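Below: the structure, in structure tokens.
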Amino acid sequence: MQAATQTARTNPLRLIIILLLVFSSGFANLATEVIGPRMFSSFFGSSTLVWAVMISVTLVGLSVGYYISGQFGLARAKRLLPLVLVGNALYLLVISWAVWQIPAQVGNLGVGAVVVVAMLAFFVPSALFGMTSPTAITLLSENRSQRQMSQIAGTIYALGTIGSVAGALVAAFYLIPFIGLSLSLRIFALVLIIFAFYFSLSARSTAAEASVSAKPEPGIVTRERKTQIILLFVFFSGFINLATEIIAPRMFASMFGPTTILWAIMISVTLIGLSIGYFIGGQIPVRIARLMLPTILIINGALLLAASWLTWELPTMLSPMDVNTLILMAIITFFVPSLLFGMDSQLAIALLAEGKTGGQIAQIVGSVFALSTIGAVIGAIAAALFFIPIVGFSTSLKIFAVVMAIFALYFAPNRLRLVAGLALIIAIIVPQPDWTWQGDNLTLLTQREGYYQTIRVYTDNSTFMRFHLGPTYESEMDINTKEPRFGYARNMVEFVGDATGKNILVIGGAGHSMARALEARGATITEVEIDPVVVEVSDEFFGKLQGDVVVQDGRAYVEQAEIGIFDYVLIDAFDGPASVPAQLTTLEFFQAVARVLKPDGRMIMNFIGSTSGPKSNSFFAIAASVSGAFDDARYFGGGNILLIGSQTPMSDLDLPEMPTTGRPLTDDLNPIEIYLEEARSGFYLRR
């Protein structure tokens, strides 16, 4: 027994391998979480619902894994770790093949189908990834003191979170666009098998010693009131942490748009803050933890209140609003709160583990992170479906600050009770920013929070009405004629020609601009818009359409629509500045559009890009994709480029044919987001 312990403590290779496993597990876990919704987009679209379900399934799986592996003794951990790794590898290999076998019609089954598919595909891998960190703690903590156990737990979760940061960034900027979805999962599977091979050899060499290791005593959670409050605090800390992590990018999306760069920066800042918090919190002994916990709760509540003001004030002070501004804003407003959230769980572990043995402490760690992750699941869903659209950003942060002040008041020793009480009063009475956009000599008719970006409607009171999403304007209507004012929109309507009796699908419904103009020309319109708040605002200020308005992702609608029913499909959908949703750019999407068109029907798509020069990668890629789906493919204009496709010759159009020199974009391998980001920023990732 002593020999085995000595080996575990002094063998540097084994320590490095265990830490590398923790990092790699965090990397693969979050990368898989990013890849999952992209795999589903061809039949479910990329709505908030899909992301919320995917995040929830992943976090529930992680929490189950945390809890189960927290019950392992040393002998069981050594024996089961190789099996966990091999099982996860095999499951990822199956997913890399099976997801593409799902028929597109599954999208017709609604939210239940989203949940079932996500559970079948990614719950088990998430649970198995979740088992890695507690198991690593068990392997490293044999015969350690309580203080050493806390340090090990903090270090392990810090390293796993750093791995998650790297996984999110690499998945978004390299694996998804340049390696592909399926091959990425297969690479993860190979890495897991390599680790499994090493740990299977290690388990055999130490089986005799490990078999006599102490079994952890059951029943770590007592019925004591303070223990219950600590566990309740752990739950709400996870809830508030992830809810804030989702609210923060939505606040910034109002200025920068919901681009890949925005989400990558926000995820990186918050996860790096968490990882540092995990590490620091693991170094704090229990006697200091009692004083630290209420202190950091008061500070964190104050910082969240400040963030609700700073987010709206910083852009004007730090203009222009470029990537550097975004990074600086993210660090100023949400880095320190993330760090303090990371310390919460470690301080809770220190308080719960006082006087416990090594096996019991490992059990506590698994239970605390499981409960915190369950809180994070509920926080993510609540933020997406309740706090953002109904409560609002600033008020949500104020509520979180009040909750933290209440916990601080409970945990505070007598000498801090007055401070905690004052913090609670301030959190309740502090005013919230009444922030509205300013519109260059225009009248702001409304400002509302949609499911994706801030929605604003402006007018000059005599000539036009303009619909804004986040930092960009989407459509503009002539008040007198009800016709679209933007040149590209008028061109799309003109390319339809005589619309009398035509059955037309319009994807993208901000302001109902083109749909209304086509209805006025005698067409029957079906409009598809992903955000229900966009539909509500468009109906209220621009007027309702006569035809059907479907609240759904455009890709999902096309995949499920009847074959050969539309004369035209018009696509004018953007999710950020000059950024088309990725699932609306692939060869498979354009093939689906071709299926719903009549034999002589046409697709017309608005795409922002350059037809030549260093910023033309996105145009050549999407042009090749359109050309692969239609027998005749033409394009018109520059800047706002109209992509036109048909299965019959378009001899009436004196327009150049689309180039086919680019590589077609596919659902499995699609770098369009990277191409568009390069075109916007001028920063090229591949050279």
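Any read-out appearing in this document is the output of simple, stated calculations on the displayed coordinates, not a laboratory observation. Model, not experiment: these values are computed from the prediction. Cβ atoms come from the backbone with ideal geometry, glycine included; neighbour counts cover every protein chain shown.
Over all other residues within a Cβ to Cβ distance under 14 Å of Ser42, the charged ones net out to -2, with Lys and Arg as +1 and Asp and Glu as -1. For the chain, the longest piece that avoids every one of the GluC sites (Glu not before Pro) found in DSSP loops with at most 16 other C-beta atoms within 10 Å covers 1-223. Principal-axis analysis of the Cα atoms of the chain puts helix 225-256 at an angle of about 30° to the longest axis.
Work out the FRET efficiency for Ala520 and Leu422 from their Cβ-Cβ distance, taking R0 = 56 Å, and round it to the nearest 0.05. Walk me through the numbers on the way to the answer.
Working: r = 62 Å, r/R0 = 1.11.
Using R0 = 56 Å, I get an efficiency of 0.35.
Within the set Lys544/Lys598; Lys398/Lys482; Lys398/Lys615, which residue pairs have Cα atoms separated by over 32 Å? Violating the 32 Å limit, Cα to Cα: Lys398/Lys482; Lys398/Lys615. Output the 0 to 90 degree angle, nearest 10, between the alpha-carbon long axis of helix 336-352 and the longest principal axis computed from the alpha carbons of the chain. Taking the Cα atoms of the chain, the angle to 336-352 is about 30 degrees. Separation of the stretch 47-115 and the stretch 353-388, taken as the distance between their Cα centroids, equals 18 angstrom. The label-point distance for Ile565 and Leu445, in a model that sets each label 7 Å from Cα toward Cβ, rounds to 3.1 nm.
Provide the gained length on full extension for the span Arg595 to Asp548, in nm with one decimal, where the gain is 0.36 nm per separating residue minus the Cα-Cα distance. Don't jump to the answer; show the numbers that get you there.
On the way: separation 47, 0.36 × 47 = 16.92 nm, distance 2.04 nm.
Using 0.36 nm per residue and subtracting the Cα-Cα distance, I get 14.9 nm.
Counted by neighbouring Cβ atoms within 10 Å, the residues Lys226, Lys398 run from fewest to most as Lys226, Lys398. For the chain, the mean residue ellipticity at 222 nm estimated from helices alone is -20000 deg cm²/dmol, where every DSSP H run of n ≥ 4 contributes -39500 (n - 2.57) and the total is divided by all residues, rounded to the nearest 500. A simple count of charges around Ala98, restricted to other residues whose Cβ falls under 14 Å of its Cβ and scoring Lys, Arg +1 and Asp, Glu -1, yields 0. Within the set (i) 86, 58, 43; (ii) 88, 54, 51; (iii) 69, 64, 54, the number that Cα extents along the principal axes in Å takes when calculated for this structure is listed as (i). Ordering Ile429, Ile331 from the fewest to the most neighbouring beta carbons within 10 Å gives Ile429, Ile331. Modelled label positions at Phe541 and Tyr473, each set 7 Å beyond Cα in the direction of Cβ, lie 1.2 nm from each other. Backbone N atoms of the stretch 275-308 closer than 16 Å to the 7 Å Cα→Cβ label point of Arg415 belong to residues 287-296.
Please list the equivalent ellipsoid semi-axes of the stretch 487-681, computed as the square roots of five times the alpha-carbon gyration tensor eigenvalues, in descending order and whole angstrom. It would help to have the intermediate numbers written out before the result.
Details: eigenvalues 121, 74, 49 Å².
Gyration-tensor ellipsoid for the stretch 487-681: 25, 19, 16 Å.
Ranked by Cβ crowding within 10 angstrom, fewest neighbours first, how are Phe256, Phe235 ordered?
Values: Phe256 23, Phe235 19.
In order of increasing Cβ crowding within 10 Å: Phe235, Phe256.
Against the longest principal axis of the chain, how steep is helix 358-382, in degrees 0 to 90 to the nearest 10, with axes from Cα atoms? Approximately 20 degrees, to the nearest ten. The modelled label-to-label distance between Val430 and Asp498, using points 7 Å beyond Cα along the C-beta direction, is 6.6 nm. Under 30 Å from the Cα of Lys78, which lysines turn up, not counting those fewer than eight places away in the same chain? Once the sequence-local lysines are set aside, what remains near Lys78 is Lys215, Lys356.
For Lys482 and Leu231, what does the FRET efficiency come to when R0 = 60 Å and r is the distance between their Cβ atoms, rounded to the nearest 0.05?
Details: r = 59 Å, r/R0 = 0.98.
So, using R0 = 60 Å, E works out to roughly 0.55.
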